[in-house]
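S.K.: Could you have a look at this structure, given as structure tokens, before my questions?
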Amino acid sequence: MQAIKVSNLVKEFDGLRAIDNISFAVEEGEIFGMLGPNGAGKTTTIRILSTTLKATSGEARVWGYDVAKKPDEVRRSIGIVFQDQALDDRLTGMENLDFHARLYGMKKDLRKERIKEVMDLVELWERRNTLVKYYSGGMCRRLEIARGLMHYPRVLFLDEPTLGLDAQTRHTIWEHIKLLNKREGIAILLTTHYMDEADALCDRIGIIDRGKILIIDEPDNLKNMMGKDLISMKISSPEKMIKLLSNFEWIKSKRIYDGLLHLEVNKGEERIPFLINLAQKNALNVELVSLRRPTLEDAFLHFTGRTIREEEGSSRERISARIRSRRRR
Amino acid sequence: MRGVSFQAIYVLWLRELKTFIRARSRIVGNIVQPFFFLAILGVGFKSSMKFTAAGMQGLDYLQFLVPGLVGMSLLFSSMFAGLSILWDRQFGFLREIMVAPVSRLSLVLGRVAGGMTTTVLQAFSILLIAHLFGFRLKGALDLLLSAGFMLLIGTGFVGMGVAFASKMEDMHGFQIVMNFIIMPIFFLSGALFPLEGLPSWLSFLIYMDPLTYGVDALRAVMLGISHFPLIMDFAILTFFCTVMLMVGALFFSQCEV
């Protein structure tokens, strides 16, 4: 079964399309990422899927349940980590989880067992009796992730899980997300505007911009679509090397630039040993080899026509961001 | 979504109680304020305030003030308990509550139960302080009756707080409710002065104020003096309480996070 199935979903705010006819599916056990700038419609999509917002048109199913018709079943099937913190900081970490568990109707024994389990998973068990107001930003995030898992949901929503966290903490959170995906076999829908995050975590990525999903594919495929890898070699005689390489079809282009030999190839990392071997057999000295692969950033730029940075300031996004923040309150 | 979840009500009640006990400054504030009222206002007016109405001659102003202060405390703390939805909204916690598979009615009932409990606890703390100033209830029955009316008053105003908070977008609304709703309700309730011999425009406003009947009922039970028949106070308070709960639950069920 598909964990999430979205078909032709549309959401309008005051005539402005926040979500413009999007369709996608998330498989069981998959980490699916929605990559896009602020105001692209990521959070709006999550709000519709989590039944806190009604779609203008289209259909969305979570774990087989229609979000518009079976909100209660959907709510039982999902865990959410919101973009903004949603903890009661006057309670301890454990009390926050206990509150959640009771709200979801969990029995006492199961509750206790599960609290230990999820707190161990995010390494907060030692700090279970500390008031949340004394938690760091990263700890709060981890606690929220643990809470999202409490009631054995089938699908977990992570809305910008590492927003505003420092680099080290972000990597810790990523490790936790990977681990829980593996251990609990849970499907994860994650939104982010960080390229590295989408790249590091997601099995598949949907690039979303201005309420539209432009493409959905695996991160590596997205990068491969962007063309060839570029190998640059500093070698004692680039001219001689070019002659040696004249009969290889997998080399798409060869040129000497700035004293370096540049080769455009497929699967560059697999070609490097061969190239070095070849050079050494012919008594050429290789001083340096570098490989540049196309990044997700290149893919994003290709599909949206701009980088995420440029996006932040444009007026249209400001408008929809304002609408979002108004709705949020 | 339909139906009432008692576990949800219980856990919301528990949260309210835990956070109430942990907010020491709030507890201290709730004890200090009535203390000042009694020590300064009560003692200050005591010598010059002579009641002339029938049945009230010889009554001590301090004695007269205690039920009024209980009413004041009920009003403030129950409205705050209802309005605490605003804090939950501000700090994002409301969303955690709203996406749970629990009916909105259960959420409102849980909040009302919590607010009602902390409110009545605070009202009783005032009676304790009043004890220091020589205020005495006649017996256990009076205490029980007072508690009943306290619950009724507290519940009604928690409902009112929930209703306002559901319609407000952010914390700015709080000051407006404080100045334009809570303060007039307090001043018009007769908590500080007797209702006899007032100009008719003021009497009219006072009769429109639900807390008037609350304070009157508390005075009837605690001191044996009242402006209205006790049964009338009870009827009006019950009506007020029911309407506020319904409006609170309705508005809350409509509110977006």
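The values are calculated or read from the model by the stated rules, or taken from the named source; none is laboratory data. Remember, it's a predicted structure, so these values are computed and weren't measured experimentally. Glycine also receives a Cβ, built like all others from the backbone with ideal geometry; neighbour counts cover every protein chain displayed.
S.K.: Checking the conditions here, which among B:G42, B:G29 is more than 21 Å from B:A163 (Cβ to Cβ), crowded, with 20+ Cβ neighbours inside 10 Å, modelled with pLDDT under 90 and away from chain A (no Cβ under 14 Å)? Please lay out each step first, then the result.
M.R.: Details: B:G29 fails: crowded, with 20+ Cβ neighbours inside 10 Å.
Selected residue: B:G42, the only one of B:G42, B:G29 that is more than 21 Å from B:A163 (Cβ to Cβ), crowded, with 20+ Cβ neighbours inside 10 Å, modelled with pLDDT under 90 and away from chain A (no Cβ under 14 Å).
S.K.: Right, A:A55: modelled with pLDDT under 95, more than 9 Å from every other protein chain (Cβ to nearest Cβ) and not in a helix (DSSP H, G or I) or not? Break it down into steps so the answer makes sense when it comes.
M.R.: On the way: modelled with pLDDT under 95: yes; more than 9 Å from every other protein chain (Cβ to nearest Cβ): yes; not in a helix (DSSP H, G or I): yes.
The answer is yes for A:A55.
S.K.: To continue, here is another question. Taking the criterion of being within 11 Å of another protein chain (Cβ to nearest Cβ), touching a His at 6+ places or on another chain (Cβ under 9 Å), on the phi < 0 side of the Ramachandran plot and assigned to a loop (DSSP other than H, G, I, E, B), would at least one residue in segment B:83-100 satisfy it?
M.R.: Yes: segment B:83-100 contains one or more residues that are within 11 Å of another protein chain (Cβ to nearest Cβ), touching a His at 6+ places or on another chain (Cβ under 9 Å), on the phi < 0 side of the Ramachandran plot and assigned to a loop (DSSP other than H, G, I, E, B).
S.K.: Shifting gears a bit: Does segment A:191-199 contain at least one residue that is in a strand (DSSP E or B), among the charged types (D, E, K, R), in the same structural domain as A:P37 (by TED's automatic domain parsing) and crowded, with 18+ Cβ neighbours inside 10 Å?
M.R.: Within segment A:191-199, none of the residues are in a strand (DSSP E or B), among the charged types (D, E, K, R), in the same structural domain as A:P37 (by TED's automatic domain parsing) and crowded, with 18+ Cβ neighbours inside 10 Å.
S.K.: Now, a different point. Residue under question is B:S47, and the condition is that it be within 12 Å of chain A (Cβ to nearest Cβ) and over 19 Å from the mean Cα position of the chain (by Cα); does it hold? So that I can check it myself, show each step before the final result.
M.R.: Working: within 12 Å of chain A (Cβ to nearest Cβ): no; over 19 Å from the mean Cα position of the chain (by Cα): yes.
Criteria not met by B:S47.
S.K.: Related question: State whether the residues of segment A:205-228 include one that is over 30 Å from A:G39 (Cα atoms), in contact with an Asp or Glu (Cβ under 8 Å, 6 or more places away or on another chain) and among the aliphatic types (A, V, I, L, M). Outline the logic, then answer.
M.R.: The initial filter retains those residues of segment A:205-228 that are over 30 Å from A:G39 (Cα atoms), namely A:228.
Of the ones still in play, those that are also in contact with an Asp or Glu (Cβ under 8 Å, 6 or more places away or on another chain) are A:228.
The next check asks that each one be among the aliphatic types (A, V, I, L, M); those that pass are none.
The answer is no; no qualifying residue exists.
S.K.: If a residue has to be over 23 Å from A:M1 (Cα atoms) and either at the interface with another protein chain (Cβ under 7 Å from one of its Cβ atoms) or assigned to a loop (DSSP other than H, G, I, E, B) (or both) to count, how many in segment A:71-85 make the cut? Walk me through how you get there before you give the answer.
M.R.: Of the residues in segment A:71-85, the ones over 23 Å from A:M1 (Cα atoms) are A:81-85.
After this cut, where a residue has to be either at the interface with another protein chain (Cβ under 7 Å from one of its Cβ atoms) or assigned to a loop (DSSP other than H, G, I, E, B) (or both) as well, the list is A:82-85.
Matching residues across segment A:71-85 total 4.
S.K.: Looking at this structure, is B:A140 away from chain A (no Cβ under 14 Å) and more than 20 Å from the chain's Cα centre (by Cα)? Outline the logic, then answer.
M.R.: Values: away from chain A (no Cβ under 14 Å): yes; more than 20 Å from the chain's Cα centre (by Cα): yes.
Answer is yes for this residue.
S.K.: Could I ask something else about it? Within segment B:102-132, which residues are under 25 Å from B:P34 (Cα atoms), surrounded by 20 or more Cβ atoms within 10 Å (Cβ to Cβ) and among the hydroxyl-bearing types (S, T, Y)?
M.R.: Across segment B:102-132, the qualifying residues are B:T118, B:T119.
S.K.: How many residues does segment A:86-97 hold that are more than 8 Å from every other protein chain (Cβ to nearest Cβ) and under 15 Å from B:E96 (Cβ atoms)?
M.R.: Pass one, segment A:86-97, residues more than 8 Å from every other protein chain (Cβ to nearest Cβ): A:92-94, A:96-97.
If we keep only those that are under 15 Å from B:E96 (Cβ atoms) as well, we get A:93, A:96-97.
Number satisfying all stated conditions: 3.
S.K.: Determine whether B:F135 is assigned to a helix (DSSP H, G or I), aromatic (F, W, Y), touching a residue at least 60 places away in the same chain (Cβ under 8 Å) and surrounded by 19 or more Cβ atoms within 10 Å (Cβ to Cβ). Quick ask: steps written out before the conclusion?
M.R.: Details: assigned to a helix (DSSP H, G or I): no; aromatic (F, W, Y): yes; touching a residue at least 60 places away in the same chain (Cβ under 8 Å): yes; surrounded by 19 or more Cβ atoms within 10 Å (Cβ to Cβ): yes.
Considered against the rule, which asks whether it is assigned to a helix (DSSP H, G or I), aromatic (F, W, Y), touching a residue at least 60 places away in the same chain (Cβ under 8 Å) and surrounded by 19 or more Cβ atoms within 10 Å (Cβ to Cβ), B:F135 comes out as no.
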